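Notes follow the structure.
Please treat every number below as a calculation from the coordinates, not as lab data. Keep in mind it's a predicted model, so treat the numbers as computed, not measured. Quick reminder, even Gly has a Cβ in these numbers, built from the backbone with ideal geometry, and neighbours come from all protein chains shown.
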Amino acid sequence: MKVLVIGAGNMGLTYASSIAKSGHLKKEDLMIFDKSLELLETLKKSNENYEVYDTLLECLPIADIIFIAVKPYHNDDLMAEMVPFLNDQQLVISIMAGVTIETLQKGLGIQKIVRAMPNLPAQVGMGMTSYLAAPEISRIELWMVEDLLGCTGKTVRVDSQMFIDASTGISGSGPAYVFYFMESMMEAAKSMGFSDNDSKVLVITTFEGAIELFNRNKLSANSWMKKVASKGGTTQAALDSLDDNNVKQLIHDAAYSAFNRAIELGKPSMELQEK
Ligand SMILES: NC(=O)c1ccc[n+]([C@@H]2O[C@H](COP(=O)([O-])OP(=O)(O)OC[C@H]3O[C@@H](n4cnc5c(N)ncnc54)[C@H](OP(=O)(O)O)[C@@H]3O)[C@@H](O)[C@H]2O)c1
């Protein structure tokens, strides 16, 4: 099996490096292509475990599975460039936000399309990817897709585009919500007089410790909150303040804003506007 990654940016390189590290493919079976010749020259020198190509003509016709990792607004141009070299046995995995399976099937003239929504922790092998496969994809092909996507972390297969948009609101954009919370806590620590460095250590260690506790037990998040808080105590004062300020509802609304924006981007007239 030969895999081609188109687009050597943040996500394309993450997939190429993660698949290379997984040992699933030999160097000659993992290919990467980008339109920037300068970037390709740098990649050739870095000697990673994949082959770097300057033209689609050389790599696209021999690929079995093709990752599309360009920005959504480059998709129209890219699809036009790809069409002459595609055949209907090839399978395309798109990670472009908001670009639907139907658009890719129509634009590329092939049916085997997977739409995936990864997130940034994919860069450190702790990504969360939801994906949806067109019905034309066989069970064996699905296993291959899951293996490849799984090289960057965990995967969840969903059965409608609605869930791809919904997961954009939870796991796709989610790392930014966590960073927002971290930044807010670090700012509070600094306003209490801690140094930048101490604020960072206090917050990071608290996040790491809380996640570790959560992962090691079957308790719900709410049960853990009750374990930390005692009636009339310090934690309860903070939790009451969060409730009084309706923070839970605000987080809910934020996730829905991302979800609704993903739906908007998927509408035909909006599809190419994400920059
Ligand atoms: N970053 C995330 O956290 C995240 C999460 C989920 C999904 N995604 C999706 O992942 C996709 C890629 O995002 P990214 O952050 O990796 O983008 P990026 O860093 O901009 O990388 C895209 C690369 O593709 C190149 N490119 C553009 N048109 C091309 C073409 N026709 N042929 C070959 N290469 C081409 C770009 O070159 P130029 O720079 O010269 O244009 C750039 O090097 C996006 O569609 C985004 O929606 C990203």
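Values as computed for the structure displayed
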read-out	value
Over segment 3-167, relative contact order from alpha-carbon pairs under 8 Å, at least 6 apart, %	19
Computed over segment 96-251, Kirkwood Rh from alpha-carbon pairs, angstrom	18.7
CD proxy at 222 nm, helix term only [per DSSP H run n ≥ 4: -39500 (n - 2.57); per residue of the chain; nearest 500]	-15500 deg cm²/dmol
In segment 168-233, chymotrypsin sites (Phe, Trp or Tyr not before Pro) in a DSSP loop with at most 16 other beta-carbon atoms within 10 Å	Phe194
Farthest positive-ward along the chain dipole, Cα basis, beta-carbon charges - from Asn10, Met186, Ala255	Met186
Ascending count of other beta-carbon atoms within 10 Å, so fewest first, for Ser46, Ser173	Ser46, Ser173
Under 20 Å from Lys44, Cα to Cα: lysines that are on another chain or at least 8 residues apart	Lys2, Lys21, Lys26, Lys27, Lys35
At 0.890 mPa s and 25 °C, Stokes diffusion of segment 174-263 via Kirkwood alpha-carbon radius, µm² per second	163
Sorted by Cβ neighbour density within 10 Å, fewest at the top, the residues Leu142, Leu13	Leu142, Leu13
Cβ-based exposure ranking for Val124, Val145, in which fewest neighbours within 10 Å come first	Val124, Val145
Principal axis dimensions, largest first and in whole angstrom, of the chain by Cα	69, 40, 34
Over 24 Å between alpha carbons, listed pairs Lys154/Lys218; Lys154/Lys190; Lys71/Lys106; Lys45/Lys112	Lys154/Lys190; Lys45/Lys112
